[in-house]
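Peer 1: The structure is given below, and queries will be raised subsequently.
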Amino acid sequence: MKFMKLGSKPDAFQAEGSCVRYVSSDLATDVIVIVGEVKFHLHKFPLLSKSNLLQTLVSRASEDSSNEIKLVDFPGGPKAFEMCAKFCYGMTVTLNPYNVVAARCAAEYLEMIEDVERGNLIFKIEVFLNSSILRSWKDSIIVLQTSKSLLPWSENLKVVSRCIDSVASKTLVDPSKVTWSYTYNKKLATSDKIIENAMMFPEKLDSVPKDWWVEDICELDIDLYKRVMIAVKSKGRMDGSVIGEALKTYAVRWLPDSIESLASEVYNKGNKSLVETIICLLPPDKGISCSCSFLLKLLKVAILVGADDLSREDLIESISLKLDEASINDLLIPARSPQMTIYDVELVQSLVDRFVTHWKRNTDSNIGEKNKMKENDFVLGHGSWLNVGKVVDGYLAEIARDINITVSSFIELSQSIPESARPIHDGIYSAIDVYLKEHPNLTKAERKKLCGLMDIKKLSTDASMHAVQNEKLPLRIVVQILFFEQVKSAAGIQAVNNSTDAFDTPRTTEVNLAEIVPEPRQSLREQMDNMKIKDGELQKNGKFTKMGSSNRDPMQLLPSRSRRIFDKLWIVGKGHGHGENRSSDTSGSSQSPTSMIQVETKSTSRHRRYSIS
């Protein structure tokens with residue numbers, strides 16, 4: 001911290017109580033200066049030799065036969081006047097960043113200018129400000145802080161603007177050339193690692209980060225902070241990501257941690273002003289440089305404190321541009337009255353719709369590069385969509401627990417994203433499963449609409465096996481899933497058989513299906529085998545009547561209604577007409593996928609294969 005000493009005489013000011021100050025001297029005092037509630041008993045000559053204002057006021061007081069002078073609205077109060085008075089007496093005065101603004105404003109008030117005496121107080125303070133204070137990083141911030149209580153004097157004397165320009169200019173200095181002290185409280189590595197790095201790479205340990213300045217200016221009042229950030233941005237050389245980090249650090253520093261404190265009437269006005277200011281200071285790239293998590297948390301606070309509609313609209317627009325970076329927890333924004341739901345689903349719906357609009361607009365603008373985009377469509381075009389799809393499905397699973405979420409809003413949000421965002425439908429199936437569990441009173445039509453959101457062909461094997469045993473799903477959906485898994489299993493075995501026929505040499509070893517068939521299908525076969533075992537156990541217990549065949553189809557474990565539906569589906573898939581090879585309602589179909597699989601697996605010794613398609 002810089003300081004400057006003025007004068008050389010010892011301090012002779014003494015106090016008598018809390019409201020009287022006097023100079024210890026052999027000469028009697030002949031003037032009383034009243035500043036606030038404090039009376040200063042002083043001598044005319046030292047004061048008149050330095051202050052133009054006191055010359056005028058003492059002359060008027062003499063005409064009125066009075067020795068009292070009252071200074072109204074004196075900047076800095078009694079302490080600032082005492083510094084000026086000591087300077088007039090030639091006593092030692094120490095200027096530092098904490099009192100220099102008050103001294104400068106007081107000297108201006110007293111008109112301690114060069115016309116009265118050369119080397120007067122104003123001149124000396126200005127030299128100190130320009131040569132020391134404004135060249136120091138931390139001192140400039142301290143002076144800027146103290147100037148807040150001395151408005152409008154500090155503003156009129158351009159102390160505030162000069163400090164702001166000094167701070168803004170220093171933030172733009174190349175980090176490698178920063179030699180002054182600053183605060184940087186980012187998490188460091190363990191002490192052992194620091195020592196090791198210092199020995200191996202000492203220059204890296206001492207490197208200055210780009211955002212070295214963000215923590216120090218967080219101590220500023222929001223109004224001054226806004227002016228500093230505007231000055232930084234106006235120079236056009238600061239990276240947007242660093243500005244975003246600065247705004248995030250300031251928000252964390254000053255916004256309360258608890259919701260109760262945010263919403264309390266005592267702090268609501270200040271919190272509202274702070275949030276609106278941070279939003280207006282977002283980088284000019286509409287917040288792209290800021291993390292989506294920070295923007296969503298800021299939106300939560302903005303809604304809670306009742307920020308103006310324009311600020312919230314700007315924030316929502318910024319979030320929608322990078323929704324693919326959002327997390328599920330960040331999207332769980334509490335709903336406000338009159339909404340009846342726990343979370344603000346309408347807001348998330350708006351974010352998704354805007355993201356889709358931006359994506360379509362960007363796609364249309366790149367029509368000339370369509371062919372190139374098609375080649376890299378998944379990597380370049382759909383990479384962000386995959387993230388959005390995962391987030392939306394996870395969000396649907398969270399809000400599905402809310403009994404006030406309607407089927408229509410659930411379906412609308414699910415259908416907001418394109419099919420390319422869901423290459424796998426496990427996420428939407430999980431959300432539907434939760435919704436069906438928490439809403440047991442849905443009608444048959446509503447359950448059908450919900451299940452229509454998922455494509456059973458895009459379910460993983462694990463999800464399919466879970467769905468087959470899910471009692472909450474409509475029976476037709478269960479049968480369709482089991483049918484599709486049977487077809488996949490049959491296709492896998494057929495592929496194995498075709499691969500073995502490609503060899504002309506006689507087979508001397510048995511083919512291990514577990515090594516050839518992909519793991520998911522192997523798991524499915526194990527599930528089906530388990531179902532066969534359970535079927536046999538049920539037969540022993542008398543829970544199933546013998547159907548005239550010792551080889552039971554796994555599909556016969558389903559109720560007769562589901563077997564009829566499955567048999568009809570299989571017949572349609574086979575393309576048979578005129579009711580050929582139809583099974584009865586009480587027995588497994590002779591052309592069912594399982595029976596075909598069993599026949600083919602038993603005939604591994606034959607070279608000739610029959611296609612099932």
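The values are calculated or read from the model by the stated rules, or taken from the named source; none is laboratory data. These figures come from a predicted structure and were not determined experimentally. No Cβ is skipped: glycine too gets one built from the backbone with ideal geometry, and neighbour counts run over all protein chains shown. All accessible areas refer to the heavy atoms of the entire protein, side chains included, with ligands and DNA or RNA removed. Shrake-Rupley method; radii C 1.70, N 1.55, O 1.52, S 1.80 Å.
Peer 1: Hey, can you find the accessible area per residue of region 50-100 for me, probe 1.4 Å, expressed in square angstrom?
Peer 2: 47 Å²
Peer 1: If you don't mind, there's one more thing I want to ask. Between Met340 and Ser181, what FRET efficiency follows from the Cβ-Cβ distance if R0 is 60 Å, with the result rounded to 0.05?
Peer 2: According to the calculation, E is roughly 0.65.
Peer 1: Oh, and also: Which of the peptides 404-412, 143-151 is most tightly packed, and how do the rest follow, going by the mean number of other Cβ atoms within 10 Å of each residue?
Peer 2: The packing order, highest mean first, is 143-151, 404-412.
Peer 1: Tell me, what is the 1.4 Å probe accessible area of Lys437, in Å² to the nearest 10?
Peer 2: The value for Lys437 is about 140 Å².
Peer 1: Then there is this: Express the carbon and sulfur contribution to the solvent-accessible surface of region 12-132 as a percent, rounded to the nearest whole number, probe 1.4 angstrom.
Peer 2: On region 12-132, the fraction of accessible area on carbon and sulfur atoms equals 49 percent.
Peer 1: Of Val173, Val348, which has the most accessible area and how do the rest follow, probe 1.4 Å? Display every interim value, and only then the final one.
Peer 2: On the way: Val173 45, Val348 5 Å².
My answer, sorted largest first, is Val173, Val348.
Peer 1: Which entries of Lys50/Lys170; Lys70/Lys269; Lys269/Lys297 show an alpha-carbon separation above 29 angstrom in the structure shown? Walk me through the numbers before you get to the answer.
Peer 2: Numbers: Lys50/Lys170 36 Å; Lys70/Lys269 38 Å; Lys269/Lys297 19 Å.
Over 29 Å apart, Cα to Cα: Lys50/Lys170; Lys70/Lys269.
Peer 1: I'd like the FRET efficiency for Glu438 and His358, computed as 1/(1 + (r/R0)^6) with the beta carbon distance as r and R0 of 25 Å, rounded to 0.05.
Peer 2: Once rounded, the FRET efficiency stands at 0.15.
Peer 1: Still on this structure, please answer the following. All other residues with a Cβ under 11 Å from the Cβ of Lys210 taken together, and with Lys, Arg as +1 and Asp, Glu as -1, what is their net charge?
Peer 2: Value of the local net charge: -4.
Peer 1: How far is it, in nm, from the label point at Phe45 to the one at Ala491 when both lie 7 Å from their Cα along the line to the Cβ?
Peer 2: The modelled label-to-label distance comes out at 11.1 nm.
Peer 1: Hey, which of these cross-link pairs are over 20 Å Cα-Cα: Lys448/Lys472; Lys86/Lys124; Lys233/Lys360? Working shown, then result.
Peer 2: On the way: Lys448/Lys472 11 Å; Lys86/Lys124 14 Å; Lys233/Lys360 31 Å.
In this structure, Lys233/Lys360 lie more than 20 Å apart at Cα.
Peer 1: What is the calculated FRET efficiency for Ser25 to Leu172, with r their C-beta to C-beta distance and R₀ = 45 Å, to the nearest 0.05?
Peer 2: Plugging the Cβ-Cβ distance into 1/(1 + (r/R0)^6) gives 0.30.
Peer 1: Order 219-230, 108-119 from most to least packed using the mean count of other Cβ atoms within 10 Å.
Peer 2: My ranking of the peptides, most packed first, is 219-230, 108-119.
Peer 1: Let me ask something additional. Going by accessible area, probe 1.4 Å, with all protein chains left in place, what is the ranking of Ser416, Ser234, largest first?
Peer 2: So, going from the largest accessible area down, we get Ser234, Ser416.
Peer 1: Between Ser460 and Leu151, what length comes free when the chain is fully extended (0.36 nm per residue of separation minus the Cα-Cα distance, one decimal in nm)?
Peer 2: Here the segment from Ser460 to Leu151 would lengthen by 104.4 nm.
Peer 1: Within a Cβ distance under 12 Å of Ile230, other residues only, what is the Lys/Arg minus Asp/Glu net charge?
Peer 2: Details: positive: Lys226, Arg227, Lys233, Lys235; negative: Asp165, Asp223.
Net of charged neighbours comes to +2.
Peer 1: Using the Karplus equation 6.51 cos²θ - 1.76 cosθ + 1.60 (θ = phi - 60°), what ³J(HN,Hα) coupling, rounded to whole Hz, does each residue of region 424-435 give in order, writing x for Gly and Pro?
Peer 2: Result, ordered by residue: 10, 9, 5, x, 5, 5, 4, 5, 5, 4, 5, 5 Hz.
Peer 1: Hey, can you rank 384-396, 297-309, 21-33 by average C-beta count inside 10 Å, highest first?
Peer 2: 384-396, 297-309, 21-33
Peer 1: In addition: Amide H neighbours of Tyr343 under 5 Å, counting only residues 5+ apart in sequence or on other chains, H built in-plane at 1.01 Å?
Peer 2: It is Ala335, by chain and number.
Peer 1: May I pose another question? Considering only the other residues whose Cβ falls under 14 Å of the Cβ of Ile424, what net charge follows from Lys and Arg at +1 and Asp and Glu at -1?
Peer 2: Working: positive: Lys390, Arg422, Lys457, Lys458; negative: Asp393, Glu419, Asp426, Asp455, Asp462.
Net local charge, Ile424 excluded: -1.
Peer 1: Mind listing the long-range amide H neighbours of Ile69? Cut-off is under 5 Å, sequence gap 5 or more, other chains count too, H placed in the peptide plane at 1.01 Å from N.
Peer 2: Ile32, Val33, Ile34
Peer 1: When the chain is fully extended, how far beyond the present Cα-Cα distance does Ile424 get from Ile328, taking 0.36 nm per residue of separation?
Peer 2: On the way: separation 96, 0.36 × 96 = 34.56 nm, distance 1.82 nm.
This chain segment gains 32.7 nm when fully extended.
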